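This report concerns only the one structure given below.
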Amino acid sequence: MKEWLVVDGYNVINSWQDFRKFREENLEHARELLKEKLAEYTAFKGYSGIVVFDAQEVQGVASFEKNGALEIVFTNEGETADSWIERRVYDLVKSGSSVFVVTSDYAEQLNVLGSGAYRISAREFREEYLLTKKQIAQRSERLARGLGRNELGGRLQEHILDHFEKLRRNT
């Protein structure tokens with residue numbers, strides 16, 4: 001079963017303090033930073049991701065970009081990210097995928113839950129993101145340690161190392 005992470009981009013940018021300086025000075029930079037964070041997160045977790053930005057006050061048609069497993073969507077002129085997300089989530093859930101939607105908009109959360117997806121507030125997602133960043137750093141550090149020497153531990157997956165560690169401690 002495929003797992004999707006769908007993110008209301010401006011909702012996260014406006015909720016996280018990490019973006020405060022960027023959104024005031026250069027909104028484009030804040031969007032780029034969020035896209036980088038989401039691309040890293042989805043790649044590490046093995047999710048397919050979609051980040052949606054409103055084009056409600058911008059003229060033009062919808063545009064789509066791809067960054068690895070992350071799709072970047074700018075909605076049509078006059079279309080909200082919420083309405084785009086609702087349609088896409090419904091289709092994804094209907095196809096049998098697990099879908100996690102990141103938004104702090106209460107009405108959107110209710111719609112997401114009603115369609116069978118899971119909701120994650122922007123604050124909860126920030127905590128999950130920071131935890132994942134620690135896991136990425138730990139894995140990178142462990143891999144870097146193992147590169148200079150030919151050790152088995154540097155080539156094993158995390159769950160196997162954990163299993164061996166439990167075995168070692170029980171004896």
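The values are calculated or read from the model by the stated rules, or taken from the named source; none is laboratory data. Note that this is a predicted model, so its numbers are computed, not measured. Because the Cβ atoms are built from the backbone with ideal geometry, glycine has one as well, and the counts that use them run over all protein chains shown. Ligands, DNA and RNA are stripped out before the accessible areas are found, and what is left, the full protein with its side chains, is counted by its heavy atoms. Shrake-Rupley method; radii C 1.70, N 1.55, O 1.52, S 1.80 Å.
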Fill in: Residues of region 93-102 classified as without any contact (Cβ under 8 Å) to a residue 24 or more places away in the chain and assigned to a strand (DSSP E or B), total
0
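Residues are listed down the side, and each one gets a yes or a no for (1) of a type outside the set (S, T, N, Q); (2) open to solvent by less than 70 Å² (accessible area, probe 1.4 Å); (3) assigned to a helix (DSSP H, G or I):
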site	(1), (2), (3)
91	yes, no, yes
104	no, yes, no
112	yes, yes, yes
129	yes, yes, yes
Worksheet entry | Residue tally, condition open to solvent by 10 Å² or more (accessible area, probe 1.4 Å) and closer than 17 Å to residue 99 by Cα, over region 9-40 | 1
Worksheet entry | Single residue of region 49-84 satisfying the filter (over 23 Å from residue 39 (Cα atoms) and either surrounded by 21 or more Cβ atoms within 10 Å (Cβ to Cβ) or β-branched (Val, Ile, Thr) (or both)) that is modelled with the highest pLDDT | 61
Worksheet item: When region 85-112 is examined, which residues are found to be touching a strand residue (DSSP E or B) at 6+ places or on another chain (Cβ under 6 Å) and of a type outside the set (Ser, Thr, Tyr)?
Response: 85, 89, 92, 93, 99, 100, 101, 102, 109, 112
Practice prompt. Evaluate region 58-69: report whether one residue or more is hydroxyl-bearing (Ser, Thr, Tyr) and either free of Cβ contacts under 8 Å to residues at least 12 places away in the same chain or not in a helix (DSSP H, G or I) (or both).
Written response: yes
Fill in: Count - residues of region 93-102 that are open to solvent by 40 Å² or more (accessible area, probe 1.4 Å) and within 18 Å of residue 53 (Cα to Cα)
1
